[in-house]
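Each remark here refers to the structure printed beneath this line.
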Protein chains: 2
Amino acid sequence: MHFESPSKTIFYQIEKAIKQYRTMAQVNLNQLGYNVTINQILLMIQIQQQSDISQVELANLLFKDVASVTRMIELLVRENLVQRAENKIDRRKKDLKITKKGGELLNKAIPVISKNRATAQKNMSEDELQTLFKLLNKIIINTSKK
Amino acid sequence: MHFESPSKTIFYQIEKAIKQYRTMAQVNLNQLGYNVTINQILLMIQIQQQSDISQVELANLLFKDVASVTRMIELLVRENLVQRAENKIDRRKKDLKITKKGGELLNKAIPVISKNRATAQKNMSEDELQTLFKLLNKIIINTSKK
DNA sequence: ATTATTTAGTTGATATATCAATTATATTTA
DNA sequence: TAAATATAATTGATATATCAACTAAATAAT
């Protein structure tokens, strides 16, 4: 059976695209001078958008392990960007809340992320974006566990 | 300025596709019973294909930091899958070689990887693959540092 | 030829990824 | 209701990611 060198496959191309996007996004974020990662910002955005979200749901949304989420939140709490408290109704759960400082950071970071997206999508039509979305979806369907 | 929720963007879709592919690939690889990661296999494949490759080149190829490569190779050496020796001509460099045990592992792992790729690309035509490749390339170009 | 700069690789510190085990609580089942 | 099971989150162990500092050797500049 023929074996294509990894660097010539579509998966390599996907990795390269997302890797470069992440790097570019991080570089631009760093210019805010906040010492925060893109992933931390994305985590905070989810908390802000849905204040009653659980850490399990956060992990699924961000394609991370719950253990990673626990530790990421720990850091954000330590830096006073997120507040964590016990949920009164289900005491296994934690209530997460963006602090004032966290909110100010998000206000600055979100425009940067918007700009990053625009940069990465430059010269791509709506049609092309939709095609890309659909083709990636095929891979997602093909690789989803049944 | 309008801000799209992260999970609705093309970048989220890319992350999801590659993440699921990696997970599926790792699960299938694990069935060989070897306790080795996809990334380790990809690293070994590069070494096998180009025996005089440097660790810097490996890092670039695999989108990793040279420090990560150093430690990955350390592990592979510890498990007797890769051999590392000083390069006689340029003594800063290391000569990397797949061991007999490593070769046997690759012989088993490569068909698995081929199968993973086929699974992930199921129902995708050559045209579609090419389109996907080109669209991703736009992002790669847009996000490459000048 | 000596000095300065660049390059290849390693190491340290800290954060994140992954898996397994554990704790505490909630829910389901007998 | 008591016991069994499931769920949310944490913790431990180990590997990997990232950045900075460092060592050793090669190459370029003076």
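The values are calculated or read from the model by the stated rules, or taken from the named source; none is laboratory data. Nothing here was measured: the structure is a model prediction, and the numbers come from that model. Quick reminder, even Gly has a Cβ in these numbers, built from the backbone with ideal geometry, and neighbours come from all protein chains shown. Only protein heavy atoms, including side chains, enter the accessible area calculation; ligands, DNA and RNA are left aside. Shrake-Rupley method; radii C 1.70, N 1.55, O 1.52, S 1.80 Å.
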Original post:
Conditions: (1) part of a strand (DSSP E or B); (2) within 30 Å of B:Gln121 (Cα to Cα). A:Ile14 meets all but one. Number of the miss?
Top reply: (1)
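For the condition touching a Phe, Trp or Tyr at 6+ places or on another chain (Cβ under 7 Å), more than 15 Å from DNA strand D (Cβ to nearest atom), open to solvent by less than 70 Å² (accessible area, probe 1.4 Å) and without any contact (Cβ under 8 Å) to a residue 24 or more places away in the chain, what is the one hit in A:Ser5, A:Ser114?
Values: A:Ser5 fails: touching a Phe, Trp or Tyr at 6+ places or on another chain (Cβ under 7 Å).
That would be A:Ser114, the only listed residue that is touching a Phe, Trp or Tyr at 6+ places or on another chain (Cβ under 7 Å), more than 15 Å from DNA strand D (Cβ to nearest atom), open to solvent by less than 70 Å² (accessible area, probe 1.4 Å) and without any contact (Cβ under 8 Å) to a residue 24 or more places away in the chain.
Within segment A:75-84, is there a residue that is at the interface with chain B (Cβ under 9 Å from one of its Cβ atoms) and away from DNA strand C (no atom under 16 Å from the Cβ)? Spell out the reasoning first.
Our first condition is that a residue be at the interface with chain B (Cβ under 9 Å from one of its Cβ atoms); within segment A:75-84, this holds for none.
No, every residue in segment A:75-84 fails to be at the interface with chain B (Cβ under 9 Å from one of its Cβ atoms) and away from DNA strand C (no atom under 16 Å from the Cβ).
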Original post:
Going by the conditions given, is B:Phe63 within 14 Å of another protein chain (Cβ to nearest Cβ) and more than 16 Å from the chain's Cα centre (by Cα)?
Top reply: no
**OP:** Search segment B:66-83 for residues being in a helix (DSSP H, G or I) and of a type in the set (D, E, K, R), and hand back the single one that is nearest to DNA strand D (Cβ to nearest atom).
**Re:** B:Arg71
Subject >> Among residues of segment B:31-48, those that are modelled with pLDDT under 95 and assigned to a helix (DSSP H, G or I), counted >> reply: 0
**OP:** State all residues of segment B:8-26 that are more than 7 Å from chain A (Cβ to nearest Cβ) and either open to solvent by 40 Å² or more (accessible area, probe 1.4 Å) or of a type in the set (Ser, Thr, Tyr) (or both); if no residue qualifies, say none.
**Re:** B:Lys8, B:Tyr12, B:Arg22, B:Thr23, B:Gln26
Subject >> Count of segment B:5-27 residues which are away from DNA strand C (no atom under 12 Å from the Cβ) and either over 18 Å from A:Tyr12 (Cα atoms) or aliphatic (A, V, I, L, M) (or both) >> reply: 8
Original post:
Is there a residue in segment A:86-102 that is in contact with a Lys or Arg (Cβ under 9 Å, 6 or more places away or on another chain) and either within 12 Å of chain B (Cβ to nearest Cβ) or within 30 Å of B:Met124 (Cα to Cα) (or both)?
Top reply: no
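Being aliphatic (A, V, I, L, M), within 13 Å of DNA strand D (Cβ to nearest atom) and open to solvent by 70 Å² or more (accessible area, probe 1.4 Å) is the filter here; which residues of segment B:27-65 pass it? Talk me through it step by step, then tell me what you get.
Restricting attention to segment B:27-65, the residues satisfying the condition of being aliphatic (A, V, I, L, M) are B:27, B:29, B:32, B:36, B:38, B:41-45, B:47, B:53, B:56, B:58-59, B:61-62.
When the remaining residues are screened for being within 13 Å of DNA strand D (Cβ to nearest atom), the result is B:29, B:36, B:38, B:41-44, B:56, B:58-59, B:61-62.
If the condition is that a residue be aliphatic (A, V, I, L, M), within 13 Å of DNA strand D (Cβ to nearest atom) and open to solvent by 70 Å² or more (accessible area, probe 1.4 Å), then B:Val56 is the only one that fits.
Surrounded by 13 or more Cβ atoms within 10 Å (Cβ to Cβ) and under 16 Å from A:Ile14 (Cβ atoms): is that true of B:Lys138 in this structure?
Working: surrounded by 13 or more Cβ atoms within 10 Å (Cβ to Cβ): yes; under 16 Å from A:Ile14 (Cβ atoms): yes.
Taking the combined requirement at face value, the residue satisfies it.
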Original post:
Across segment B:32-60, what is the number of residues that are away from DNA strand C (no atom under 12 Å from the Cβ) and within 14 Å of chain A (Cβ to nearest Cβ)?
Top reply: 10
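Considering only segment B:92-100, I want to know if a residue exists there that is more than 9 Å from DNA strand D (Cβ to nearest atom), assigned to a helix (DSSP H, G or I) and closer than 21 Å to A:Thr23 by Cα. Before you say what the answer is, go through the steps one by one.
As a first pass, look at segment B:92-100 and keep what is more than 9 Å from DNA strand D (Cβ to nearest atom): B:94-100.
After this cut, where a residue has to be assigned to a helix (DSSP H, G or I) as well, the list is B:100.
Now narrow it down to the ones that are closer than 21 Å to A:Thr23 by Cα: none.
Within segment B:92-100 (the criterion being more than 9 Å from DNA strand D (Cβ to nearest atom), assigned to a helix (DSSP H, G or I) and closer than 21 Å to A:Thr23 by Cα), the answer is no, since none of the residues qualifies.
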Subject >> Residues that are out of contact with any strand residue (DSSP E or B) (no Cβ under 7 Å at 6 or more places or on another chain) and open to solvent by 40 Å² or more (accessible area, probe 1.4 Å), drawn from segment A:68-81 >> reply: A:Ser68, A:Thr70, A:Arg71, A:Glu74, A:Leu75, A:Arg78, A:Glu79, A:Asn80
**OP:** Exactly one condition in (1) away from every other protein chain (no Cβ under 14 Å); (2) more than 8 Å from DNA strand D (Cβ to nearest atom); (3) surrounded by fewer than 13 Cβ atoms within 10 Å (Cβ to Cβ) is not met by A:Asn107; state its number.
**Re:** (1)
